[in-house]
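These notes are about the structure you will find just below.
The values are calculated or read from the model by the stated rules, or taken from the named source; none is laboratory data. Owing to the predicted nature of the structure, the values given are computational and were not obtained by experimental measurement. When we count neighbours, we look across all protein chains shown, and the Cβ atoms used for this are built from the backbone with ideal geometry, even at glycine. Please note that ligands, DNA and RNA were not included when accessible areas were found on the heavy atoms of the full protein model with its side chains. Shrake-Rupley method; radii C 1.70, N 1.55, O 1.52, S 1.80 Å.
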Amino acid sequence: TAKQRGEAGFTRYVDGMGEPVLAHMQLGGELRRALDNDELRVVYQPIMRLEQQRMVGVEALVRWHHPVRGVVSPAEFIPAAERTGLIVPLGRFVLRETCRQAAAWLAEFGPDALEETGLNVSARQLHDPDFVSDVAAALADSGLPCERLILEVTESAVLRGQQVSRALYELDRMGIRLALDDFGTGESSLSLLRAFPASIVKLDKSFVDGIEIDDGQPAAAGARQAVARAVIQLAHALGLGTVAEGIENPEQVTVLRELGYTLGQGFHLAQPMTADGVSRLLAQQCAATVSRPPAGADRP
Ligand code: C2E
Ligand code: MG
Ligand code: MG
Ligand code: MG
């Protein structure tokens, strides 16, 4: 049961970490309650086409509305959720809620408005033997077509074992696309990228940070851009899509576009927002599309 897994998780943590255990045991207990009491919410960060700054997709990000502490960031509670095993029911909640919402957007705004919806999956979820059938059920129950869902996994999660690769291959066979998240920060290996059925690589924010800085030294400037350039060349060679993460200013957009990136995500483009916020954006974009003359209308 989840309870037994949770206790095992705590034990391992006690062994490994010592001191902050109490705080984390408390966090684990509170997370359990959060799940039962409906304190978790999903927000969505737009993924934008860099050229027109038009939203083409979203990434679902979980938030915890704690009754006392306010909004708690996933960076604080996802690690505890993974250690206690609560990530499995938490992840299932995010999966079901996100599929339901994506299907609602599809029904309201049509197939061209929002092409894809991504959500994060942790290693522990990929190890859960029920994960693939949970995904299939979430798609079936919501009516969301499989090609509209993207599952984001990190390189280190992918590297872990048979069960994980079996799950990834089954998801790929179902027509669900997989994105390698935070690409370049894990124990990246090129053979992994070739062996793993990924469709998209997400260039980690750490390779976008400072990419726009021209310190007057051509070699150094080149060095700042070297990883971003190498990643897009690799992606093109392997036929993978790319998304640049953590874009915080317009200069970064310019440099990334020069390097060949077409999609990006970041506070400069759009903050994570509620589902209603995304609906408003979609409504604006649909209105703009309708009022714009069709492409080529001004040409003979
Ligand atoms: P991630 O999947 O790499 O998600 C991107 C994170 O970067 C999000 O943080 C987002 O708010 C943040 N971000 C986006 N643009 C910018 C920017 O321009 N500047 C900066 N500084 N940050 C930016 P968030 O929502 O706090 O999530 C952190 C991480 O927690 C995620 O990283 C993901 O690994 C994990 N996470 C979030 N939601 C879930 C979930 O539902 N399940 C699982 N397993 N993990 C999740
Ligand atoms: Mg992600
Ligand atoms: Mg990421
Ligand atoms: Mg990240």
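In table form, for the structure just shown:
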read-out	value
Loop trypsin sites (Lys or Arg not before Pro), region 63-129 (other Cβ atoms within 10 Å of the site Cβ: 10 or fewer; DSSP)	Arg69
Cα-centre dipole for the chain with unit charges at Cβ (Lys and Arg positive, Asp and Glu negative), debye to 20	460
Whole-Hz couplings from phi, Karplus 6.51/-1.76/1.60, listed for region 144-155; x for Gly and Pro	6, x, 4, 6, 8, 9, 10, 9, 9, 10, 8, 4
Distant-in-sequence amide H partners of Val56 (H built 1.01 Å from N, under 5 Å)	Ile47, Met48, Arg49
Share antiparallel - DSSP beta bridges, region 54-204, percent rounded to 5	15
Helix 74-84 vs. the chain, principal-axis angle (Cα, 0 to 90°, nearest 10)	40
For the chain, the longest site-free run once GluC sites (Glu not before Pro) in DSSP loop states with at most 11 other Cβ atoms within 10 Å are removed	52-186
Share of carbon and sulfur in the accessible heavy-atom surface of the chain [1.4 Å probe, %]	54
More than 19 angstrom apart: percent of Cα pairs within region 103-224	55
Separation of the Arg49 and Gln162 label points, Cα + 7 Å toward Cβ, nm	4.5
Cα long-axis angle, helix 275-291 against the chain (0 to 90 degrees, to the nearest 10)	20
Probe 1.4 Å, protein heavy atoms only - accessible area per residue of the chain in square angstrom	49
Value of [θ]222 nm, deg cm²/dmol, for the chain, DSSP H segments ≥ 4, -39500 (n - 2.57) each, nearest 500	-16000 deg cm²/dmol
Diffusion coefficient, µm² s⁻¹, Stokes-Einstein with Kirkwood Rh over alpha-carbon pairs of region 73-164 at 25 °C and 0.890 mPa s	176
Contact order relative to length of region 20-137, as percent, for alpha carbon pairs under 8 angstrom and 6 or more apart	25
Cα-Cα separations in region 204-288 greater than 23 Å, expressed as whole percent	33
Cα shape, the chain, gyration tensor, a/c 1.5 rule	prolate
Among beta bridges that DSSP assigns inside the chain, antiparallel share in %, nearest 5	45
Degrees, to the nearest 10: 2-17 long Cα axis against longest axis of the chain	80
Taking the chain and dividing mean pair separation by its residue count, relative contact order in percent (alpha carbons under 8 Å, at least six apart)	18
